Amino acid sequence: MNREIREIREIVARVDGWLSDIEGEFLYSVAKNCKGKGVIVEIGSWKGKSTIWLAKGSKAGNEVKVYAIDPHTGGPDLGPAWTLEDFEKNIKMAEVDDIVIPIVKTSEEAAETFEQPVEFVFIDGAHEYELVKLDFLLWFPKLIEGGIIALHNTTDWPGPKKVAEEFLHKSVNFRNVGLVDSITFAQKVQGTFHRR
């Protein structure tokens with residue numbers, strides 16, 4: 001394991017979240033290989049564990065901006081922006097606040113006005129099937145040809161698992177479908193959406 005990966009592991013160990021190191025290293029690698037033909041979008045940032053992996057990878061590569069989309073509400077009883085303060089603190093602590101652009105909105109709200117092409121999108125928001133499906137359908141059209149889409153928790157949550165099966169594995173829109181721990185990823189090959 002190289003020194004940089006070891007250092008990132010030490011940083012993210014201090015950040016709450018549900019992302020394994022192998023998943024983090026995958027996000028790092030994909031972000032590092034982004035060419036800058038589009039930006040990196042993360043749906044569901046929580047306290048920034050995955051955001052840090054993405055941003056560190058991007059900084060090691062072509063310094064593509066990371067748009068971290070999360071309403072930071074956490075639930076109906078927890079009040080507005082309850083995780084935003086922790087997120088901002090963690091991003092600053094990891095020294096990636098210069099490349100991360102937080103968008104404090106739902107995925108749907110953010111998608112309405114988001115006009116930049118996307119080279120890599122990591123979907124890790126709400127895990128109910130209809131909401132994962134909505135995230136996919138909102139962001140798929142913004143993904144450039146050759147871009148990568150990745151869904152978290154596709155082995156242990158029914159919602160993401162079903163979306164991965166329906167929209168990645170059984171789709172003519174993607175190639176190179178793979179699995180890293182619980183992340184299913186695929187590369188977009190066509191501009192329009194087709195279902196088999």
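Selection of the range 99-137 for residues being closer than 19 Å to K65 by Cβ, in contact with a Ser or Thr (Cβ under 7 Å, 6 or more places away or on another chain) and either among the aliphatic types (A, V, I, L, M) or in a loop (DSSP other than H, G, I, E, B) (or both) yields I99, V100, D124. If you go through the range 1-35 and keep only what is assigned to a loop (DSSP other than H, G, I, E, B) and at pLDDT 95 or above, you end up with N33, C34, K35.
Comparison of N62, N90 shows that the only residue that is in contact (Cβ under 8 Å) with a residue 24 or more places away in the chain, more than 16 Å from the chain's Cα centre (by Cα) and part of a helix (DSSP H, G or I) is N90.
This table checks each residue for (1) of a type in the set (A, V, I, L, M, F, W, C); (2) surrounded by fewer than 17 Cβ atoms within 10 Å (Cβ to Cβ); (3) within 17 Å of C34 (Cβ to Cβ); (4) modelled with pLDDT of 95 or more.
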site: M93; (1), (2), (3), (4): yes, yes, no, yes
site: P102; (1), (2), (3), (4): no, no, no, yes
site: D135; (1), (2), (3), (4): no, no, no, yes
site: K162; (1), (2), (3), (4): no, yes, no, yes
site: F167; (1), (2), (3), (4): yes, no, no, no
site: N173; (1), (2), (3), (4): no, no, no, no
site: L179; (1), (2), (3), (4): yes, yes, no, yes
site: S182; (1), (2), (3), (4): no, no, no, yes
site: F193; (1), (2), (3), (4): yes, yes, no, no
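All of (1) surrounded by fewer than 18 Cβ atoms within 10 Å (Cβ to Cβ); (2) closer than 23 Å to W157 by Cβ; (3) within 17 Å of the chain's Cα centre (by Cα) hold for A110 with one exception: (1). Scanning the range 37-76 for residues that are small (G, A, S) and modelled with pLDDT under 95, which turns out surrounded by the fewest Cβ atoms within 10 Å (Cβ to Cβ)? Ranking the candidates gives G75 first.
The values are calculated or read from the model by the stated rules, or taken from the named source; none is laboratory data. Note that the structure is a prediction, hence the values are computed from the model and not measured. We place every Cβ from the backbone using ideal geometry, glycine too, and count neighbours over all the protein chains shown.
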